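Novice: Before anything else, here's the structure in question.
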Amino acid sequence: MTEGRQIEAAMRQAEDAAKLEGGEMLDPRALRRALGQFATGVTVITTREADSPAPIGITVNSFASVSLDPPLILWSAARASMRHAHFSGAQAFAVHVLARGQGPLAERFARSGDGFAGLGHDLNPEGVPILPETLARFECRTEATHEGGDHTIIIGRVLRFTTTPGAEPLVFAQGAFGGFAPVA
């Protein structure tokens, strides 16, 4: 099958998957806005480029705990991202949970950000780039990957973790960064 036919087939499959029982289509922008009502934390996931020692990172809010025994987490990488292949094929990665004042760090690793350009970092024993001074960090070995629509669900086994006590989390909701205020 040619690449053009593969793309057409994938688009038809996505359109069919978006149809409701009555045959009507979901409005993707309206769905995105509705999903944006759910506040999430903000993370930067790091690894090395495929077939290269170059560091690469991506800002992600699709991070969750899966299991404490064994210690597993998951996150989802968009297939449309130019960084998808680096993360879906990585043997190891690190999840950096960002603190409230780290919005600029999240923006560095968003679509058109500067990434690691001019940014200091260390390497962990697996060779994964580690960012300093984040709210929490989970250093993981890739345990499994699963197809999930237009994303790849990446499950990682936590090898090591660190936290910064007393810092507030960076939160993302309704298309904007913010903070968290506990209910009294």
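Novice: With the checklist (1) of a type outside the set (S, T, N, Q); (2) surrounded by 15 or more Cβ atoms within 10 Å (Cβ to Cβ); (3) not assigned by TED's automatic domain parsing to the domain that holds Ala167 in hand, flag the one item Arg100 doesn't pass.
Specialist: Condition (3) is where Arg100 drops out.
Novice: Which is of a type outside the set (Asp, Glu), part of a strand (DSSP E or B) and surrounded by 15 or more Cβ atoms within 10 Å (Cβ to Cβ), of Phe116, Phe172?
Specialist: Phe172
Novice: Next up: Can you name every residue in the range 58-111 that is assigned to a strand (DSSP E or B) and over 22 Å from Glu147 (Cα atoms)?
Specialist: Matches in the range 58-111: Leu68, His96, Val97, Ala99.
Novice: Related question: Residue by residue through the range 135-184, note down the ones that are modelled with pLDDT under 95 and touching a helix residue (DSSP H, G or I) at 6+ places or on another chain (Cβ under 6 Å).
Specialist: Glu168, Phe177, Gly179, listed by residue number.
Novice: Mind checking which pairs have a first residue in the range 14-38 that is in a strand (DSSP E or B) and a second that is at pLDDT below 60, Cβ under 7 Å, 6 or more apart or different chains?
Specialist: These pairs meet every condition: Met25/Ala18; Met25/Lys19.
Results for (1) on the phi > 0 side of the Ramachandran plot; (2) of a type outside the set (A, V, I, L, M, F, W, C); (3) assigned to a strand (DSSP E or B); (4) not assigned by TED's automatic domain parsing to the domain that holds Leu105, shown as yes or no for each residue.
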position: Ala144; (1), (2), (3), (4): no, no, yes, no
position: Thr152; (1), (2), (3), (4): no, yes, yes, no
position: Ile155; (1), (2), (3), (4): no, no, yes, no
position: Leu159; (1), (2), (3), (4): no, no, yes, no
position: Thr162; (1), (2), (3), (4): no, yes, yes, no
position: Pro165; (1), (2), (3), (4): no, yes, no, no
position: Pro182; (1), (2), (3), (4): no, yes, no, yes
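Novice: Which condition breaks for Gly127 when tested against (1) part of a loop (DSSP other than H, G, I, E, B); (2) modelled with pLDDT of 95 or more; (3) surrounded by 17 or more Cβ atoms within 10 Å (Cβ to Cβ); (4) not polar (S, T, N, Q)?
Specialist: All conditions pass for Gly127, except number (3).
Novice: Between a first residue in the range 70-87 that is assigned by TED's automatic domain parsing to the domain that holds Glu143 and a second residue that is aromatic (Phe, Trp, Tyr), which pairs have beta carbons less than 7 Å apart while being 6 or more apart in sequence or on different chains?
Specialist: Ile73/Phe63; Ile73/Phe138; Trp75/Phe63; Ala77/Phe87; Phe87/Phe93
Novice: Quick one: Arg160 ticks every box in (1) within 19 Å of Ile58 (Cβ to Cβ); (2) among the charged types (D, E, K, R); (3) in contact (Cβ under 8 Å) with a residue 12 or more places away in the chain except a single one, so which number is it?
Specialist: If we test Arg160 against (1) within 19 Å of Ile58 (Cβ to Cβ); (2) among the charged types (D, E, K, R); (3) in contact (Cβ under 8 Å) with a residue 12 or more places away in the chain, just (1) comes out false.
The values are calculated or read from the model by the stated rules, or taken from the named source; none is laboratory data. Worth saying up front: this structure is predicted, and the values here are computed from it rather than measured. Quick reminder, even Gly has a Cβ in these numbers, built from the backbone with ideal geometry, and neighbours come from all protein chains shown.
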